[in-house]
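Novice: Below is the structure I would like to discuss, written out as structure tokens.
The values are calculated or read from the model by the stated rules, or taken from the named source; none is laboratory data. Note that the structure is a prediction, hence the values are computed from the model and not measured. Side chains included, ligands, DNA and RNA excluded: accessible areas come from the protein's heavy atoms. Shrake-Rupley method; radii C 1.70, N 1.55, O 1.52, S 1.80 Å.
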Amino acid sequence: MMHSVSLSCLQSPTVANYITHLDVSINEAEEKNLQSQDFKKLDVNLNEGAGGNYIYVWYKTEHDSAPITRLQVTFRDDMAVGLINAGYTKINKDLNAGAGGDQIYLWYFKGSTEYDTPIVEIDVTTNAQDEDSKFNNGWERLSCDLNRNAGGNRIYIWMKREKQTYICDVIATDSFGSDADYFQQGYIRLDEGINRGAGGVYVFIWYRQTTNQTNALTDLKVSNSDQEYQSLQQQNYKLVNVDLNQGTGGNQVYMWYKKEGIHPIKAFAPLVITAGASQRSSSIDIKIKIKITITISF
């Protein structure tokens with residue numbers, strides 16, 4: 001099932017095409033209130049398959065308002081501190097309301113740095129079958145499943161921007177202390193712990209975007225052994241110097257990138273495959289595997 005809200009039109013984009021306001025409803029009264037304010041509804045229940053409230057995202061475009069350029073999601077209080085300090089706006093509605101699971105909140109930012117490109121479309125998917133076509137058509141996906149720990153369908157928010165963007169920088173963090181600095185520098189956090197379910201600390205991958213494809217990354221790799229580490233180093237890949245397996249007791253896992261090449265990376269989505277509980281209690285060496293799906297431009 002795929003529901004897309006397209007704001008494109010035949011003429012060149014103007015500020016009226018940009019999404020300038022976002023909100024969330026968790027009951028019928030809130031739906032009526034947002035409708036009365038000329039918000040438009042994305043008709044996909046964010047609790048689909050999980051029970052609980054009927055929850056919907058609403059958007060609005062206005063000529064005299066700045067465009068929204070970044071979206072983030074939080075499911076822990078410490079994820080929110082950097083967003084607050086960097087000036088993000090929180091939509092104070094739990095996206096898991098009534099369904100159990102984590103308390104999940106949507107945040108947005110209206111930025112004007114060289115790394116900010118206005119959002120012109122927003123969408124929600126409720127099954128994995130839709131995802132390949134979304135990536136191939138220039139959409140970005142928020143990394144957090146909005147039914148996180150609530151069961152039900154895997155629900156993801158997607159966005160499309162005014163112009164084609166490319167990944168130009170990538171970093172990783174294993175603590176929350178520098179989050180505000182990275183947000184202020186134009187980074188977007190992939191809001192799912194990369195070693196989820198494997199124990200250890202919360203590790204997040206971050207990236208920045210550019211509309212200039214000559215500054216883009218052209219390849220991403222992951223090493224989970226000394227041999228792979230040395231091989232990528234010898235091939236002149238650049239190291240992201242944070243162990244993605246930090247604190248799990250497993251092998252050190254690192255991400256690597258290159259900027260040399262002719263196929264710029266437009267988007268990437270790490271897929272975290274964690275060991276089960278019985279495996280984690282045994283003496284396995286690798287407790288997390290990372291698959292990075294990248295979309296490149298030809």
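Novice: Pulled fully out, how much extra length does the chain show between Gln235 and Glu114, if you take 0.36 nm times their separation in residues and subtract their Cα-Cα distance?
Specialist: Gain in length upon complete extension: 40.5 nm.
Novice: Rounded, prolate or oblate for region 142-181? Axes are the square roots of the Cα gyration tensor eigenvalues, ordered a ≥ b ≥ c, and the cut-off for rounded is a/c under 1.5. Walk me through the numbers on the way to the answer.
Specialist: Working: a/c = 2.97, a/b = 1.18, b/c = 2.50.
Since a/c reaches 1.5 but b/c is at least a/b, the shape of region 142-181 is classed as oblate.
Novice: May I ask you to list the aspartates and glutamates whose Cα is less than 15 Å away from that of Lys163, ignoring any residue fewer than eight positions away on the same chain?
Specialist: Straight-distance partners of Lys163: Glu114, Asp116, Glu121, Glu140.
Novice: Order Ser223, Ser175, Ser112 by their accessible area, 1.4 angstrom probe, all chains in place, largest first. Write out the running numbers ahead of the final one.
Specialist: On the way: Ser223 0, Ser175 65, Ser112 115 Å².
Sorted descending by solvent-accessible area, the residues read Ser112, Ser175, Ser223.
Novice: Would you work out what percent of the accessible area of region 169-254, with all protein chains in place, is carbon or sulfur (probe 1.4 Å)?
Specialist: 35 percent
Novice: A follow-up question, please. Using a 1.4 Å probe and counting only protein heavy atoms, arrange Thr210, Thr113 so the residue with the most accessible area comes first.
Specialist: My answer, sorted largest first, is Thr113, Thr210.
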